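Before any comments, here is the structure.
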Amino acid sequence: MSIRVIKNFINGEFTAGESGKTYDVRTPVDNSIIAEVHEAGQAEVDAAVLAARDAMVGPWGSMTVDQRSALLNKVADRIDERFEEFLEAECLDTGKPRSLASHIDIPRGAANFRMFADVIKNTPTESFRLDTPDGTGAVNIGHRGPKGVIAVISPWNLPLLLMTWKVGPALACGNTVVVKPSEETPLTTTLLGEVMNECGVPAGVYNVVHGFGPDSAGAFLTAHPDVDAITFTGETRTGEIITQSAAIGLRDVSMECGGKNAGIVFADCDMDKALEGTMRSVFVNCGQVCLGTERMYVERSIFDEFVRRLAELAADLTLGAPDNPDANMGPLISKEHQEKVLSYYKLAAEEGATVVLGGGVPDMGSELADGAWVEPTIWTGLDDNARVIREEIFGPCCHIRPFDTEQEVIALTNDNDYGLATAIWTENSGRAIRVAEKIDVGIAWVNSWFLRDLRTAFGGAKQSGMGREGGVHSLEFYTELKNICIKL
Ligand code: NAD
Ligand code: 6OD
């Protein structure tokens, strides 16, 4: 396979830049090199931010909402037309099964543009009539304008989906963006540059700089004084560093960070539904979904049956390369991440876990032997203070613990630094709402998982994030709300 050359996308043009630095990207399927990426240095980041700043006052700045909205719909249509190319690029970078990326990653990449093109057209602003002592009164009108240049820092687990989840609303609101995709997954973000040009999005509105975090494009971009706001998805620790950087100049941040999500299964659940949902929440995308479940709490009377049936289903997962039509699980993102996940597999044994399933590296045959493969893994028997139960692993694994009362499971679920998502399985709707209201998370699913309505608030409590995006909540972040007071 030929090695792709990936350049930065600045002011509508692909450029290697002047840094002279390149790095290789490897596919986690077999660790072979798939791309050579030109890393952006300070000069390229400066150029991208300047292009984005200038574009705010060019033709982009004078477009009507209708025109902008039509352009974003065109971008979505073009992603659909080039679906196969996006799919191939995403699978190459991540190793995920084509069946997964074709149902989730790529369609959502297009949907994120369509959705926010609609939201911006259909969301009203407030208006108040004020009485004044002279009797003539005044009218207040809320006006939403763009914030300016938005830095978008995105991770590797759902590269196109999570990047467009931020670029879609940012552009719908009239901002310009400089995107720094994960160093692991630069392909689809770069391909989107071609789409922007094909659709006639003015130069400088969408820019991409490649590189790493510290001392590289990520740090240069988030520290740049001409960036007006930063939207980030990634690890909590990285979010903390970026928030410190954003404090200089009081720039707004939106933080979507890590999780250690609990799944709660009550004895009155529909067991088949709970098993099907838990299979997805633990193992889909090889467990690399921020909303995924790594702690299961199952009511004692059904504990043994649930553990046995989940293990049977997980043992049936087929690991394989993206183009293997039978595969429903791919590798982890990299050898480095494989090492991290395997270190938790080892730690689980040291902490006294009973290994119900997996716990090691599968035999994938000689061709895939150097890939970042790990076995789907299930544990029981750990102490509530075990690190495996408290820390985010981000792999295809979970611990299952029995519980006896509603009160107990609420306390267990909340006893964690993170607060992103939970999935509650019960056929008792009163209990479902009661429990959901008491769990400290941003997103609580009942009898489902990762069922997304893009109009709803999305974000994390506690160390899982700061702020909400989705629907009108994205408008809160990506616009500056101005009050215009008119004395009559
Ligand atoms: P990461 O924090 O390592 O990297 C995310 C991005 O930040 C990358 O583009 C990286 O290059 C950049 N970065 C790293 N250090 C930086 C710095 N000092 N300054 C500027 N940029 C920097 O995260 P990851 O490993 O790519 O992704 C996995 C993590 O993301 C997990 O913790 C997962 O839970 C989280 N995540 C959260 C959500 C959510 O919506 N809450 C969604 C997906 C992933
Ligand atoms: O569906 C979304 O909008 C979203 N932000 C999903 C995040 C998944 C985390 O890995």
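Based on the alpha carbon coordinates of the range 162-269, what radius of gyration and maximum Cα-Cα distance (Dmax) apply, in Å?
Computed over the Cα atoms of the range 162-269, radius of gyration and Dmax are 16.4, 57 Å.
Bin by bin, in steps of 5 Å, what percent of the Cα pairs in the range 40-129 do you find, going until the bin that has the longest distance?
Each 5 Å bin holds this share of Cα pairs: 3, 12, 14, 13, 15, 18, 15, 7, 2, 1, 1, 0.
So how compact is the range 385-461: Cα radius of gyration and Dmax in angstrom?
Values for the range 385-461 (Cα only, Rg and Dmax): 13.0, 37 Å.
Can you list the residues of the range 61-85 with backbone N under 16 Å from a point 7 Å past the Cα of Glu367, pointing along Cα to Cβ?
none
Give me the percent of the accessible area of the range 261-455 that comes from carbon and sulfur atoms, probe 1.4 Å, all protein chains in place.
After summing per-atom areas, the C and S share lands at 46 percent.
What nm value, rounded to one decimal, do you get for the distance between Glu391 and Lys438 when each label is placed 7 Å out toward the C-beta?
3.1
Would you work out what percent of the accessible area of the range 95-205, with all protein chains in place, is carbon or sulfur (probe 1.4 Å)?
Of all accessible area on the range 95-205, carbon and sulfur atoms account for 54 percent.
If N is the number of residues in the range 17-76, what value comes out of its Cα radius of gyration divided by 2.2 N^0.38 Å?
Cα-based Rg divided by the globular estimate yields 1.70.
Using a Förster distance of 25 angstrom, determine the FRET efficiency expected from the C-beta separation of Asp252 and Phe128, and round it to 0.05.
E(calc), rounded to 0.05, equals 0.50.
Can you tell me how much longer the chain between Thr243 and Val355 gets when fully stretched, taken as 0.36 nm per residue apart minus their C-alpha distance, in nm with one decimal?
Using 0.36 nm per residue and subtracting the Cα-Cα distance, I get 36.4 nm.
Diagonalise the Cα gyration tensor of the range 309-396 and give the resulting equivalent ellipsoid semi-axes, square root of 5 times each eigenvalue, largest first, whole Å.
24, 15, 10
Please work out, to two decimal places, the log10 of the ratio I(q)/I(0) at q = 0.12 Å⁻¹ from a Debye calculation in which every Cα of the chain carries one identical scatterer.
Evaluating at q = 0.12 Å⁻¹ gives log10 I(q)/I(0) of -1.07.
So how do 453-461, 5-13, 130-138 stack up, highest first, on mean other-Cβ count within 10 Å?
My ranking of the peptides, most packed first, is 5-13, 453-461, 130-138.
Measuring from label point to label point, each 7 Å out along Cα→Cβ, what is the Val472 to His143 span in nm?
It is 2.1 nm.
What distance in nm lies between label points placed 7 Å from Cα along the C-beta direction at Met271 and Thr64?
It works out to 6.1 nm between the two label points.
Solvent-accessible area per residue for the chain at a 1.4 Å probe radius, Å²?
40
Grab the beta carbon distance between Ser99 and Asp316, set R0 = 22 Å, and tell me the FRET efficiency rounded to 0.05.
Computed FRET efficiency for Ser99 and Asp316: 0.90.
Where the convex hull is taken over the Cα atoms of the range 340-486, what is its projected area averaged over directions, in nm²?
Average of the hull's projected areas for the range 340-486 equals 13.5 nm².
Determine the equivalent ellipsoid of the range 261-455 by diagonalising the alpha-carbon gyration tensor, then write out the semi-axes as square roots of 5 times the eigenvalues, largest first, rounded to whole Å.
So the three semi-axes of the range 261-455 are 27, 18, 16 Å.
May I ask you to list the lysines whose Cα is less than 28 Å away from that of Lys438, ignoring any residue fewer than eight positions away on the same chain?
Filter leaves Lys260, Lys273, Lys462.
Mind checking Rg over Rh on the range 22-171, alpha carbons, Kirkwood formula for Rh?
In the range 22-171, Rg relative to Rh is 1.12.
Would any residue of the range 403-422 have its amide N under 17 Å from a label point 7 Å out along Cα→Cβ of Glu235? List them or say none.
Counting only backbone N, you get 417-418.
The values are calculated or read from the model by the stated rules, or taken from the named source; none is laboratory data. Source: prediction; values computed, not measured. Please note: Cβ atoms are built from the backbone with ideal geometry, for glycine as well, and neighbour counts cover all protein chains shown. Heads up: the accessible areas ignore ligands, DNA and RNA and are worked out on the full protein's heavy atoms, side chains in. Shrake-Rupley method; radii C 1.70, N 1.55, O 1.52, S 1.80 Å.
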